[in-house]
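Some notes on the structure that comes next.
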Amino acid sequence: MTTGILPPPDETGGAIAWLRRNLFATWYDTLLTVVLVVVLGAFAIGAAQWAVTEARWGVVITNLRLFLIGQYPFEEAWRIWLGLTILSALAGLSAGIYGGAVRTLGTWLAAGQAILAGLAFVSALGPIVALALVFNSAVAALGFILGLRRSAWRNGLAVGWLVSLPVVFLLLSGISGTVIPEVGTNVWGGLLLTFVLATVGIVLAFPLGVLLALGRRSGLPAIRVLSTAYIELIRGVPLVTILFMADLILPLFLPGDVRIDRVIRATGGIVLFSAAYVAENVRGGLQAIPTGQVEAAQALGLNAFQSNLFVVLPQALRAVIPANVGLFISLLKDTTLVVIIGLLELLGIGRAVLAQPQWLGAQLEVYVFIAIVFFVLCYTLSQASYRLEASLGVGSR
Amino acid sequence: MGSDQIDPAEASDIIVCHDVHKWFGQAHVLRGIDLSVRTGEVVVIFGASGSGKSTFLRTINRLEVHQRGQIIVDGIELTNDIRNIAQVRSEIGMVFQQFNLFPHLTALQNVSLAPRRVRKMPQPRAEEAGMELLRRVGIPEQARKYPAQMSGGQQQRVAIARALAMEPKIMLFDEPTSALDPEMISEVLDVMRQLAGSGMTMLCVTHEMGFARAAADRMVFFDEGIIVEEGSPERIFEAPEQDRTRRFLSQILH
C-alpha cells in the first residue's frame with residue numbers, strides 16, 4: 001500500500017506502444033493500416049511525380065501578373081505594391097502591439113508577399129516587383145519590432161486602419177488628371193480583386209450584421225420588424241441572385257446619369273448578403289447571455305446603449321467567433337461567384353488563362369495553384385480565429 | 001386612492017413604498033406593500049420562497065415594474081420617466097444571489113466599469129478608487145483575476161465592491177449568500193456587517209438569522225405577497241405575534 005502524493009502513472013509508453021495501441025491493436029486494425037498506407041502512399045507518390053516531372057508550372061509563372069492583379073495596367077501596378085506597403089506597415093505594428101490573432105494575420109501578410117516575391121523574381125514581373133514585395137515583408141517585420149510594447153500607439157493605430165482602407169482604395173482606383181490616373185475597376189482582377197472583395201466584404205458585413213442582430217431584438221416594433229424582414233428575405237435568396245440583381249436590375253432603377261461601379265455593386269451585394277448571416281450568428285450569441293448580466297448593468301446605472309456596448313456585445317461576440325469566422329471563410333470563397341457578372345477574380349482569371357491556346361490542357365496546374373492560394377488564405381483565417389479565442393479566453397472563463 | 005397619494009417632495013424617509021402591487025400574468029405576487037426605510041437603517045426581509053420578497057426588492061430599483069401604488073426613493077418617485085429611473089438607480093447599489101459579475105472583465109474592471117462609463121471618470125482615477133474598494137472588501141490581491149478564477153465568496157465581495165463604486169446611498173442585497181458554499185458565507189457577511197456599521201442604508205433579503213440578529217435594525221416577514229409582521233430582531237425572535245412568522249422561524253432555525 002502506498003500513500004502520500006504520487007505522480008500520475010505514465011500512460012504513454014513511447015512511440016512503439018502508441019503505434020501498437022492505435023494502428024496494430026487487432027488483425028483487422030493491422031489490415032486497415034497496411035491497406036491505407038499503400039493506397040495513400042501510391043497517391044502521394046503519383047502526385048509528387050506529377051508535380052515534379054509532368055506539371056507545366058510555366059502556366060502559373062508566365063501568367064503570374066494576371067493571377068495577381070488581372071488586367072490592372074502594369075505601369076500603374078506600383079500603386080498596388082505601395083498600397084501593400086501601407087497595409088504591411090500597419091499589420092506589422094498591430095502584430096507587435098496586439099500579438100495573438102493579429103500576429104497570425106501579419107505573419108501571413110509578410111510571408112505571403114515574400115513567397116510571391118520569389119515567384120515574381122522568376123516570372124515576367126521581374127526583379128523590381130520582387131524587390132518591392134520583399135521590401136513590404138521587411139516593412140512588416142520592422143513594424144512588428146517597433147510595435148512591441150508600444151501600447152500607447154493603440155489609438156493612433158485604430159485611426160490609421162480606419163483611414164488607410166479608403167486611402168488604399170483611392171490609391172488603386174486613382175483620380176483622373178493626377179499622377180495616379182483613374183484605373184477602372186473593370187480591369188481589376190486576380191488575387192487583387194479577391195482580396196478587395198473579401199476584405200471590404202468582411203469589414204463592412206460585420207458591423208452591419210451586429211446592428212441587424214440588435215435591431216431584431218429591439219424593443220421598438222418598427223426596427224424589429226424591419227430587421228427581421230431583411231434577414232429573412234436575404235437568407236431566402238441565393239448569393240448568385242443578389243449579384244445578378246446588383247449587376248443587372250439595380251442600374252434600371254437608377255437615373256441614367258448615375259452609374260455605380262461594377263465592383264462596388266458586387267461588393268455591396270456580398271456585404272448585404274453576408275450581413276444577414278452575421279446577424280443570425282450574433283443573435284445566437286446575444287441569446288446566450290444571461291438576463292442577470294443586463295440587470296447588473298442596469299442596476300449600476302448603465303443605459304441600454306452602454307450595457308449593450310460594454311457588457312452584452314463583448315460577451316456575445318466572443319461566443320460566436322467560431323461561427324463568424326466560418327462565415328467569413330465561406331464569404332472569401334463565395335467571392336469566386338462574381339465571375340457570373342463578368343468580374344475576373346482569381347478563379348475567373350484562371351479560366352481566362354486556360355483559354356490561351358498555348359496552355360490548353362493545363363487545367364490541373366491552374367486549379368491546383370488556385371486551390372493552394374485559397375487554402376492558405378482560409379487556413380490563415382481559421383488559425384487567426386483560434387489565436388483570438390485563446391487570447392480572449394473563450395471557453396475557459 | 002386619490003387623497004391617499006403621497007407627495008414625493010414630502011416623503012421624509014429615504015425609501016417610501018405605499019400600497020405596491022405587482023402581477024406576473026394572473027399571479028398577484030405583491031399585494032399592497034407599505035414599507036418606509038429611514039436613512040442608515042438596516043432592514044432584513046425574510047420569508048418563504050415565492051413570498052414576493054425578491055420581487056419587492058427588485059421593484060425598488062425598477063428591475064421589476066410595479067403596477068399599482070407608489071415607490072419614492074430619496075424624494076424621487078419611480079414612474080416610466082427614464083430620467084427618474086436613471087437617477088434612482090445611480091443612488092442604489094444592488095448585490096445579486098448569482099453575483100452577476102461580468103465574466104469578460106477582471107475584478108478591477110468590473111468595479112471600475114460604471115464609474116468610467118456612467119460617471120466618465122478617467123481610467124487611472126476609476127482604477128485607483130476601485131482598488132480602494134477591493135481593499136475594503138479584503139481582496140486587493142484578486143484585482144487582475146477574472147471572475148471564473150475566483151471562489152464564490154471572493155466573487156460576491158467583488159460584486160459588493162462593484163455596487164459600492166457608484167457611491168450609492170442605499171444598498172440592496174438579494175439573497176447574497178444563498179449560492180455560496182457554507183465556508184464562504186461568513187466572509188461575505190463580515191463585509192455586510194462592516195457596511196451596516198458604516199451607516200449605509202441597507203435592504204437585505206436573506207435567511208442568515210445570525211446576521212439579522214447582529215446587524216438589523218428591523219426585520220420584515222413576507223408571506224404570499226404581503227408584509228405579515230415587522231419589528232426589531234429581538235421582538236421577532238423572542239416574541240413573534242403571528243402564527244405564520246412563528247412557524248417559518250421554527251422551520252429555518254431548526
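At a glance:
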read-out: Residues being within 22 Å of A:L317 (Cβ to Cβ) and either of a type outside the set (A, V, I, L, M) or free of Cβ contacts under 8 Å to residues at least 12 places away in the same chain (or both) - total across the stretch B:107-117; value: 5
read-out: Wholly within the stretch B:1-71, strands (runs of 3 or more DSSP E) carrying at least 3 residues that are under 12 Å from B:F222 (Cβ atoms); value: B:27-37, B:42-47
read-out: Which listed residue is assigned to a helix (DSSP H, G or I) and open to solvent by 50 Å² or more (accessible area, probe 1.4 Å), from A:Q315, A:Q358, A:Q306; value: A:Q358
read-out: For B:F248: the one exception among (1) among the hydrophobic types (A, V, I, L, M, F, W, C); (2) within 19 Å of B:M94 (Cα to Cα); (3) open to solvent by 10 Å² or more (accessible area, probe 1.4 Å); (4) touching a residue at least 60 places away in the same chain (Cβ under 8 Å); value: (2)
read-out: Residue match in the stretch A:241-253 (condition: touching a strand residue (DSSP E or B) at 6+ places or on another chain (Cβ under 9 Å), surrounded by 15 or more Cβ atoms within 10 Å (Cβ to Cβ) and either among the small types (G, A, S) or within 14 Å of chain B (Cβ to nearest Cβ) (or both)); value: no
read-out: Tally of residues being open to solvent by less than 40 Å² (accessible area, probe 1.4 Å) and either among the aliphatic types (A, V, I, L, M) or facing chain A (nearest Cβ under 7 Å) (or both) across the stretch B:84-102; value: 11
read-out: Residue check, A:L32 over 30 Å from A:A352 (Cα atoms) and loosely packed, with under 15 Cβ neighbours inside 10 Å; value: yes
read-out: Number of positions in the stretch A:135-173 that are in contact with a Gly (Cβ under 9 Å, 6 or more places away or on another chain) and either of a type in the set (A, V, I, L, M, F, W, C) or not in a helix (DSSP H, G or I) (or both); value: 17
read-out: Selection within the stretch A:123-173 - in contact (Cβ under 8 Å) with a residue 60 or more places away in the chain and surrounded by fewer than 16 Cβ atoms within 10 Å (Cβ to Cβ); value: A:A124, A:W153, A:W161, A:V167
read-out: Some residue of the stretch B:131-140 being more than 10 Å from every other protein chain (Cβ to nearest Cβ), crowded, with 21+ Cβ neighbours inside 10 Å and of a type in the set (D, E, K, R); value: no
read-out: Residue in the stretch B:152-164 that is in a helix (DSSP H, G or I), within 26 Å of B:R116 (Cα to Cα), open to solvent by less than 10 Å² (accessible area, probe 1.4 Å) and touching a Gly at 6+ places or on another chain (Cβ under 7 Å) present; value: yes
read-out: Enumeration of residues in the stretch A:194-237 that are more than 26 Å from A:P314 (Cβ to Cβ) and among the hydroxyl-bearing types (S, T, Y); value: A:T194
read-out: Flag if B:E128 is out of contact with any helix residue (DSSP H, G or I) (no Cβ under 6 Å at 6 or more places or on another chain), within 13 Å of another protein chain (Cβ to nearest Cβ), over 19 Å from B:Q154 (Cβ atoms) and not basic (K, R); value: no
read-out: Single condition A:E295 does not satisfy, out of (1) open to solvent by less than 10 Å² (accessible area, probe 1.4 Å); (2) facing another protein chain (nearest Cβ under 10 Å); value: (1)
read-out: Enumeration of residues in the stretch B:192-230 that are among the small types (G, A, S), within 22 Å of B:S49 (Cβ to Cβ) and open to solvent by 10 Å² or more (accessible area, probe 1.4 Å); value: B:G210, B:A216
read-out: Test: residue in the stretch A:197-220 that is touching a strand residue (DSSP E or B) at 6+ places or on another chain (Cβ under 7 Å), assigned to a helix (DSSP H, G or I) and either open to solvent by less than 40 Å² (accessible area, probe 1.4 Å) or at pLDDT 90 or above (or both); value: yes
read-out: Verdict on B:T106 being more than 13 Å from chain A (Cβ to nearest Cβ) and either modelled with pLDDT under 95 or touching a helix residue (DSSP H, G or I) at 6+ places or on another chain (Cβ under 9 Å) (or both); value: no
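Yes/no matrix, rows are residues, columns are (1) in contact with a Leu (Cβ under 9 Å, 6 or more places away or on another chain); (2) part of a helix (DSSP H, G or I); (3) touching a residue at least 12 places away in the same chain (Cβ under 8 Å):
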residue	(1), (2), (3)
B:S90	yes, yes, yes
B:M94	yes, no, yes
B:L101	no, no, yes
B:L105	yes, no, yes
B:R119	no, no, yes
B:R135	no, yes, no
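The values are calculated or read from the model by the stated rules, or taken from the named source; none is laboratory data. Here the structure is a predicted model, which is why all the values come from computation and not from measurement. Reconstructed Cβ throughout: ideal geometry from the backbone, glycine too, with neighbour counts over all protein chains shown. Ligands, DNA and RNA are stripped out before the accessible areas are found, and what is left, the full protein with its side chains, is counted by its heavy atoms. Shrake-Rupley method; radii C 1.70, N 1.55, O 1.52, S 1.80 Å.
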